1. With each pseudo-label sitting 7 Å past Cα toward Cβ, what's the GLN115-SER25 distance in nm, one decimal?
2. Multiply the residue separation of GLU77 and SER289 by 0.36 nm, subtract the distance between their alpha-carbon atoms, and state the gained length in nm to one decimal.
3. Can you give me the long-range amide H partners of THR332? Hydrogens built in the peptide plane at 1.01 Å from N, cutoff under 5 Å, separation of 5 or more residues or another chain.
4. Cross-link partners among lysines for LYS284, C-alpha distance below 29 Å, same-chain residues fewer than 8 apart left out?
5. Give the relative contact order (percent, whole number) for the stretch 275-393; include only Cα pairs under 8 Å separated by 6+ residues.
6. Assuming R0 = 51 Å, can you tell me the calculated FRET efficiency for the pair ALA44 and ALA333, based on Cβ-Cβ distance, to the nearest 0.05?
7. Calculate log10 I(q)/I(0) of the stretch 335-393 for q = 0.12, 0.21, 0.25 Å⁻¹, where I(q) comes from the Debye formula with a single equal point scatterer on each Cα and nothing for solvent.
8. Give me the three principal axis extents of the chain from the C-alpha atoms, as integers in angstrom, largest value leading.
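What follows draws every value from the coordinates through simple rules; no lab data is involved. Nothing here was measured: the structure is a model prediction, and the numbers come from that model. Glycine also receives a Cβ, built like all others from the backbone with ideal geometry; neighbour counts cover every protein chain displayed.
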Amino acid sequence: MKDYKHFETKAIRYQSDQSYNKEHSVPIYATSSFLFDSAEEARALFDNEIEGNIYTRFSNPNNEEFITKLCLLEGLEDGVATSSGMAAMFLSIAAFLEQGDHLIASRAVFGSTHQIITQVLPKWGITHTYVDTNHPETWESAVLPNTKMLFLETPSNPGLDIIDLELAGTFAKKNNLIFNVDNCFATPYLQNPAKWGAHLVSHSATKFIDGQGRVIGGAILGNKELIEKVRFLNRHIGPSMSPFNSWILSKSLETLAVRMDRHCQNAIELARFLEDHKEVNWVKYPFLSSHPMYEVAKKQMSQGGGMVSFEIKGGIERGSKFLNNVKMMSLTANLGDTRSIATHPASTTHSKLSDDDKMAVGITDGLIRISVGLEHINDIIDDIDQALGKSEI
Ligand SMILES: *Cc1c(COP(=O)(O)O)cnc(C)c1O
């Protein structure tokens, strides 16, 4: 492949060289397995003496194209594509931690990641400590002799907390920890954790990478040595990405830059509009100067991302009223779509959490999360404005 300089060009021009029929758009390799020319070739393939595809659970040209392109965009050497973002999060931890090991994680992690850390890993004797990411000076006291990994999510879901990746990178290096970042909200277009010392970058490709709400997928990226361990686990456990999904996602990467530019442009306009709204207590957006980590966000992200959180006045009741009053925006359990999506965690996804647990992840009763889509910004603002007005008690 030619060595293209810019993100957009890499995302569009990197293609698998497996296409034999001069297709301009790479075909979908819908096959479970691949032919061997001879018994000798089969043996060499299984012994890793030569490279090639054997079986789609191990590898497939579409998966290779998607993951190689994503590696180019993240600035990392190697990767594994998985059937979901959660498969990626799990493998990125399970490939490295074993019985008796300890993990440090940011408290505000994605719901299912929290379940893995608190319900699944303990079954294999892996313990954890959640740290307050707004106070990195407290992290040192969480380090134990058996601590192996630092797992962070920034920006976080749904509170949009920002963690200083440079500081985290230094901390991980000093304590000899594998540094793993869930980069789902930012995508490689806005933030490259490897630049700040992350060893592993994990993604849910379901969100902005697909960007059109069509498929579930994930990825784990890192250097060859680390990814070899992830590949082993993926190969034998089997949460591999389907070739159809990787074909979709490779195509999606071609438009990631233009989509993210518009997501970010719409999101900051909406955030500014909400800041001045009389029915809104506060707005959280990484690129608003009112964000407590604004300077850090500016340092490590090129734009603020497509998510905006705000607190509606009047708590739970008005939050759910707001959801019922929106006309255009979708009420659905996804984000990072072309279509704007509104969620009210306190009355839906997080309704069963105790008040303390909600506060720990930054969820207040009136918190509304908007995944800002690609519709015209005036239509997005109009919909939110009328829903806020109608929510008045
Ligand atoms: C959605 C999401 C995940 C999980 O990804 P799936 O593709 O739904 O399995 C993990 N982390 C974050 C930050 C997410 O938003």
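1. Each label point is offset 7 Å from its Cα along the Cβ direction, giving 3.5 nm.
2. The GLU77-SER289 span can extend by a further 72.8 nm.
3. The list, which skips near neighbours in sequence, is ALA342.
4. LYS284 reaches LYS195, LYS207, LYS298, LYS299, LYS313, LYS321, LYS327, LYS352, LYS358, LYS390.
5. 30
6. Efficiency computed from Cβ-Cβ geometry: 0.65.
7. -0.37, -0.88, -1.01
8. So the three principal-axis extents are 76, 52, 36 Å.
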